[in-house]
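Here's the structure, in structure tokens; my notes come after.
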Amino acid sequence: MILRDILYGVPVLETNAEPDADVKDVVNNSDKTTPGALFCAYRGEHKNGEEYIKDALDRKGIIVSEHKPECGCKYITVPDAKAAYAELCANLYDAPQKKLRLFAVTGTNGKTTTTSMLYHVITKIKGEKSAVLIGGVGNIVSGVSHRSTQTTPDPHELYRYLSEGVRSGADYGVLEASSHALDYKKLVPCRFDAGAMTNLTEDHLDYHKTLDNYFNSKKQLIPLCDKFVSNGDDVYTKRIDCPHFSLYDGDFTAKITRLDKNGAEFVYHGMKSAVCKIGVCGKFNVYNALTALCLAELAGFDVKDASSALSSFDAVAGRFEMHKSKNGADIIIDYAHTPDALENALIACRQICRGRLICVFGCGGDRDRNKRRLMGAVSSRLADFTVITADNSRSEDTADIIKDILKGVDKNAVYTTEENRKNAIIKALLTAKEGDTVLLAGKGHEDYEIDKNGTHPFSEARIIKDFNCGGNRNGNNDI
């Protein structure tokens, strides 16, 4: 692609590069720079890309940055290098975002299930290849799932997936929009038919510092959307001046008529009304379904058709994923890794639990420390027995993380600690009897554990399977 074409729509302050130069690629990592590639240099969370300009030049790249490089080279200066990177990547793949009807969901909790529900509705009605799904559990293009490493992928990957979808005949794109992605301008090239914010609770404060900053990052999605809806039952999102969805009183509502172990039934009222049955349990999943139906209706789908499609929706991997112990206990694997998500998951577990409620959870290392004590308080208040353990400790000692969690645990609560997560799970499973419910919180779909020594295979579903078969019970994570 020639330079003038790939620069289409990108504000350029100054350049000395030939407009007919042949551009081979767009990168934001100097190690990936090849002759003729545009290297976008911008300040990241931990590193400043402008410090790697010389390395990119050694590899014969063209520099895109907010400041004119001091060394003599081919360069393009722009007002916002992050936004430029996203625009350039989109142009590299022939602007696929302009050929799709796009929908985005942001918020602390519920993004993955909500987008998966909307994707299910669209593909159930329009066909398997009619939509692209971009999210934290996986990216689905033409019915094929691709492993995901970020909630919202790097622009190079994101617009490649959208382009593949367009080539396969997709007409819709459904995306999760993380606060980091919005801060890094990944979605600037997009214009969404409709967007939604599910809720806002404490998370990522190691990056955002305050809830208000976090909220402001999330709100960057709003101007990218033609229509926007938010949760009228949430302290933060009800402040947004837009139509609201609610279980009680809003522009779009869901009146629950059944909520049990087998799922839920509710009456949806929006522009039109419909009865909706879902096979996933928990009030939080009613919120997710309500949000998906809002977006489907805003997309022009008949709400009765959308509700009918949702009846065949299966739980997303690691989102209130149900298993059974050989001892008769119900086991739930859930991604709940924030205080609010943990509380919602435990409340949902309590609704289906006939005996004791046992919770196994930990908190991530090198992340927001304040939520550790909050999660300790939540589990000690709502669970009958808590096992506090590891959850991606990264560079920190698991023992130190557990100490932080214990600061919030009620002194009268019944709990134990176990640094090895596999041993913690087995301890909980050995304790649980028929009628009990065990919640394994925090890992969800993840099939790895990260500690000081790196990333190791770790599957909670596999641990449950081995336990039920009387198999591997040693304390290592190599399963």
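Taken together, the values in this text are just the output of simple stated rules run on the coordinates, not laboratory data. Only a predicted model underlies this, so the values are computations on that prediction, with no experimental measurement involved. Positions of Cβ are generated from backbone atoms using ideal geometry, with glycine treated the same way; all protein chains shown enter the neighbour counts.
Some values worked out for this structure:
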{"quantity": "Between helix 111-126 and the chain: long-axis angle, C-alpha atoms, 0 to 90°, nearest 10", "calculated": "80"}
{"quantity": "Separation between Cα centres of segment 1-76 and segment 203-270, rounded to whole Å", "calculated": "39"}
{"quantity": "Pairs from LYS24/LYS126; LYS255/LYS422; LYS111/LYS422; LYS186/LYS422; LYS283/LYS465 whose Cα-Cα separation, in the structure shown, is over 30 Å", "calculated": "LYS24/LYS126; LYS255/LYS422; LYS186/LYS422"}
{"quantity": "Label point distance in nm, LEU211-THR149, each placed 7 Å from Cα along Cα→Cβ", "calculated": "3.4"}
{"quantity": "Amide H contacts under 5 Å for VAL229, placed H, 5+ residues apart", "calculated": "GLY195, ALA196, MET197"}
{"quantity": "Over segment 106-225, equivalent-ellipsoid semi-axes from the Cα gyration tensor in Å", "calculated": "25, 14, 13"}
{"quantity": "Using alpha-carbon coordinates, inclination of helix 155-167 to the longest axis of the chain, degrees", "calculated": "90"}
{"quantity": "Beta bridges per DSSP with both ends in segment 321-468, % antiparallel, nearest 5", "calculated": "35"}
{"quantity": "Under Karplus coefficients 6.51, -1.76 and 1.60, residue-wise ³J(HN,Hα) of segment 433-449 in Hz, glycine/proline x", "calculated": "10, 4, x, 7, 10, 10, 9, 9, 9, x, 8, x, 6, 4, 10, 8, 10"}
{"quantity": "Hz values of 3J(HN,Hα) by residue in segment 381-386 - Karplus curve (6.51, -1.76, 1.60), Gly and Pro given as x", "calculated": "7, 9, 9, 7, 8, 10"}
{"quantity": "Approximate shape of the chain as ellipsoid semi-axes (Cα gyration tensor, √5λ), whole Å, largest first", "calculated": "40, 28, 20"}
{"quantity": "Contour minus Cα-Cα distance for ALA399 and ASP314 (0.36 nm per residue)", "calculated": "26.9 nm"}
{"quantity": "Centroid-to-centroid separation of segment 294-317 and segment 114-133 [C-alpha atoms, Å]", "calculated": "9"}
{"quantity": "Kirkwood Rh, Cα atoms: Rg over Rh of segment 3-85", "calculated": "0.91"}
{"quantity": "Computed helical MRE - 222 nm, the chain, DSSP H runs ≥ 4 contributing -39500 (n - 2.57), nearest 500", "calculated": "-9000 deg cm²/dmol"}
{"quantity": "Under 15 Å from the Cα of LYS60 - aspartates and glutamates, other chains or at least 8 residues apart", "calculated": "GLU18, ASP22, ASP25, ASP31"}
{"quantity": "Angle between the chain longest axis and helix 283-298 axis [Cα atoms, degrees, rounded to 10]", "calculated": "40"}
{"quantity": "Summed side-chain charge close to ALA177 - residues other than ALA177 whose Cβ falls under 12 Å, Lys, Arg +1, Asp, Glu -1", "calculated": "+3"}
{"quantity": "Fraction of antiparallel bridges per DSSP, the chain only, in percent to nearest 5", "calculated": "40"}
